[in-house]
């Protein structure tokens, strides 16, 4: 049974592990610094489908299918699948996963979804509600651009603070005693809103949420940044990462030696024209489930915090002059 | 700790209760058969806000605020709030709840959200992950119409199978030993898709999901419809309710004596011009959290199943020729 540590953190007691994971990505991501780390990359980001949305659904379906086959697990053995994405009404998840016949609990945390789905999955497994669960998410540059910004055919200019939505998906099999990669603690986030309104500067809008959740975790556990090999955020990008470090420095917490951001790792900003870095649910989803998990499995990383962030706005709220509320959920993982 | 009964159902062991609940609604709902049952009804469905979306957020905020005040509970005492809605990126929940400073786990189950949020909340409380939680959802006729169908100013004709999105919200405080209304079992749904494509016939699209989950619950628990005072669906409306009964009759399960549907209860179909009945997350949310809870509290109802359903499509998926996948989550409640 999970045990509360401090106000916001739950200690996971029962050897909950990320048994296995699959991170897959599109062509541009395959050409980036982590290209060789993904379990699969696609040359055609449409995956042979008739729309970008169907392609994104196929990304989720493919990641889950690979995860099940690699571990010789049948869908009937999975007690719950936790999934979410950025598309209106989360259709990437619902259409991608409708044929698996697994009890489905849709999660909405915007780009924090990989951490949110893993957090809920870990709590279900720790508590004995479930034995085997899957956490999955995705994003797609083309479906996101046309939904949130402009039709890609329009070729709109991007501001320097803008980020590039990752085309990809991540899926993780979470159970007990399945591997050496343990989930030790989880901290759910609260919605933060520092009244930033620029929908082309998501990193800045999300940084306060990451700062709040990381601060809460460190306070609750009485630990400090140097206790961890890495403090990994999801998709703050260049602007948001700097702001996160500044916000935590105000609390006398210096994470500069440990901090990494999936949005800065997935692309080569000098060569790939992605401005402030990668973003989208599929950014931390694909990077965590491939590169980071491989480093944990190999022993290259021993003890990390994974705090993905999500911007909880919509084009409608931005058009109505609203600011951008954000959230961050945190998972503490270690190698047993 | 929740205990698995059969394949899909979890027995709730630790006296998890719906401590208290608040159901609020708009003007049209206030003029319907349940008008006097709601905790509050508004004459101005805009609630003084500058947009329908902001009005819907205010519905959620108002329901949660009333719930906290009525029970003299502060936001800091709530361990988790589970919320979701139909608006793109769930902005009704995220904007409505951003000022409460409560750990937030966004749920997406379309119109099944009241049951889904209660299901997850019940499991968290039963397992000791949380002591006090809130489950909340909302919908608004005007924000839903313009997002899913046509601008209301256009005055489009509605088909006979169309349903009327309820303007309202429901919020429930779920904890241990808080009242006489217990949650005994929960059954999470799987996505069903019988390839119905008519976005003006959601009831028919959702009926197979309700049939599947009710069937699974009855099989898992070895019970039959006559064991319950009421088998309540969320918003199947007239067409979906008939189809649900037909589908279950094929399995030799006759629920005709026990079945009720919130979408058929909330409006007077003869006088209120709502075609096949009410719909939306706020339909089962407001009806369950007011009328049904009052009947459970008074002892008028003793033992009921609440199975809300959600249609997991978007306007984009329908425009791309896709069918409508659906889901239903079930809660078994009884009076202690």
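The values are calculated or read from the model by the stated rules, or taken from the named source; none is laboratory data. What you see is a predicted model, and the numbers here were worked out from it, not measured in a lab. Quick reminder, even Gly has a Cβ in these numbers, built from the backbone with ideal geometry, and neighbours come from all protein chains shown.
Residues are listed down the side, and each one gets a yes or a no for (1) modelled with pLDDT under 95; (2) farther than 23 Å from residue B:309 by Cα:
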site: B:100; (1), (2): no, yes
site: B:103; (1), (2): no, yes
site: B:110; (1), (2): no, no
site: B:117; (1), (2): no, no
site: B:123; (1), (2): no, no
site: B:127; (1), (2): no, yes
site: B:149; (1), (2): yes, no
site: B:157; (1), (2): yes, yes
site: B:176; (1), (2): no, yes
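Kindly indicate whether residue B:276 is within 22 Å of the chain's Cα centre (by Cα) and at pLDDT below 95.
yes
Are any residues in the range A:103-114 buried (at least 24 other Cβ atoms within 10 Å of the Cβ) and without any contact (Cβ under 8 Å) to a residue 60 or more places away in the chain, and if so, which ones?
Correct list: A:104, A:105, A:106, A:107, A:108.
Among the residues of the range B:155-193, which ones are free of Cβ contacts under 8 Å to residues at least 24 places away in the same chain and out of contact with any helix residue (DSSP H, G or I) (no Cβ under 9 Å at 6 or more places or on another chain)?
Kept after step one, since they are free of Cβ contacts under 8 Å to residues at least 24 places away in the same chain, are these residues of the range B:155-193: B:155-157.
B:155, B:157 - these are the residues of the range B:155-193 that are free of Cβ contacts under 8 Å to residues at least 24 places away in the same chain and out of contact with any helix residue (DSSP H, G or I) (no Cβ under 9 Å at 6 or more places or on another chain).
State whether the residues of the range A:307-314 include one that is assigned by TED's automatic domain parsing to the domain that holds residue A:280, over 20 Å from residue A:119 (Cα atoms) and either modelled with pLDDT of 95 or more or out of contact with any strand residue (DSSP E or B) (no Cβ under 7 Å at 6 or more places or on another chain) (or both).
The initial filter retains those residues of the range A:307-314 that are assigned by TED's automatic domain parsing to the domain that holds residue A:280, namely A:307-314.
Next, from what is left, pick out any that are over 20 Å from residue A:119 (Cα atoms): A:313-314.
Right, trim to either modelled with pLDDT of 95 or more or out of contact with any strand residue (DSSP E or B) (no Cβ under 7 Å at 6 or more places or on another chain) (or both) and you get A:313-314.
Yes: the range A:307-314 contains one or more residues that are assigned by TED's automatic domain parsing to the domain that holds residue A:280, over 20 Å from residue A:119 (Cα atoms) and either modelled with pLDDT of 95 or more or out of contact with any strand residue (DSSP E or B) (no Cβ under 7 Å at 6 or more places or on another chain) (or both).
Please state which one of B:206, B:202 is within 14 Å of chain A (Cβ to nearest Cβ), crowded, with 23+ Cβ neighbours inside 10 Å, closer than 27 Å to residue B:52 by Cβ and modelled with pLDDT of 95 or more.
The conditions single out B:206.
Any chance you could count how many residues in the range B:118-146 are within 18 Å of the chain's Cα centre (by Cα) and facing chain A (nearest Cβ under 10 Å)?
So the answer is 4.
Could we say that residue A:36 is over 25 Å from residue B:322 (Cβ atoms), at pLDDT 95 or above, out of contact with any strand residue (DSSP E or B) (no Cβ under 6 Å at 6 or more places or on another chain) and outside the structural domain of residue A:292 (by TED's automatic domain parsing) here?
Judged against the criteria, residue A:36 is a match.
Condition (residue is in contact (Cβ under 8 Å) with a residue 60 or more places away in the chain, buried (at least 17 other Cβ atoms within 10 Å of the Cβ), in contact with a helix residue (DSSP H, G or I) (Cβ under 9 Å, 6 or more places away or on another chain) and within 14 Å of chain A (Cβ to nearest Cβ)) applied to the range B:281-304: is it met by at least one residue?
yes
Name the single residue that is nearest to residue A:116 (Cα to Cα) among those in the range B:92-101 being at the interface with another protein chain (Cβ under 7 Å from one of its Cβ atoms) and buried (at least 24 other Cβ atoms within 10 Å of the Cβ).
Here the answer is B:94.
Only one of these conditions is not met by residue B:256: (1) within 27 Å of residue B:143 (Cα to Cα); (2) touching a helix residue (DSSP H, G or I) at 6+ places or on another chain (Cβ under 8 Å); (3) surrounded by fewer than 20 Cβ atoms within 10 Å (Cβ to Cβ); (4) without any contact (Cβ under 8 Å) to a residue 60 or more places away in the chain. Which number is it?
Just one mismatch for residue B:256, condition (1).
For a quick check of your reading: which helices (runs of 4 or more DSSP H) sit entirely within the range B:14-115 and have at least 2 residues that are within 17 Å of the chain's Cα centre (by Cα)? Lay out the reasoning, then the answer.
Working: elements: B:27-30, B:52-70, B:91-97.
So the answer is B:52-70, B:91-97.
Would you point out which residue out of A:54, A:28 is away from every other protein chain (no Cβ under 13 Å) and in contact (Cβ under 8 Å) with a residue 40 or more places away in the chain?
On the way: A:54 fails: away from every other protein chain (no Cβ under 13 Å).
The unique qualifying residue is A:28.
Name the single residue, out of those in the range B:308-320 being more than 9 Å from chain A (Cβ to nearest Cβ) and surrounded by fewer than 23 Cβ atoms within 10 Å (Cβ to Cβ), that is farthest from residue B:10 (Cα to Cα).
Result: B:319.
Look through A:143, A:127 and report the one residue that is in contact with a helix residue (DSSP H, G or I) (Cβ under 9 Å, 6 or more places away or on another chain) and buried (at least 24 other Cβ atoms within 10 Å of the Cβ).
A:143
Of all residues in the range B:74-91, which are more than 7 Å from chain A (Cβ to nearest Cβ), under 21 Å from residue A:123 (Cβ atoms) and crowded, with 24+ Cβ neighbours inside 10 Å?
Those that are more than 7 Å from chain A (Cβ to nearest Cβ), under 21 Å from residue A:123 (Cβ atoms) and crowded, with 24+ Cβ neighbours inside 10 Å: B:81, B:82, B:83.
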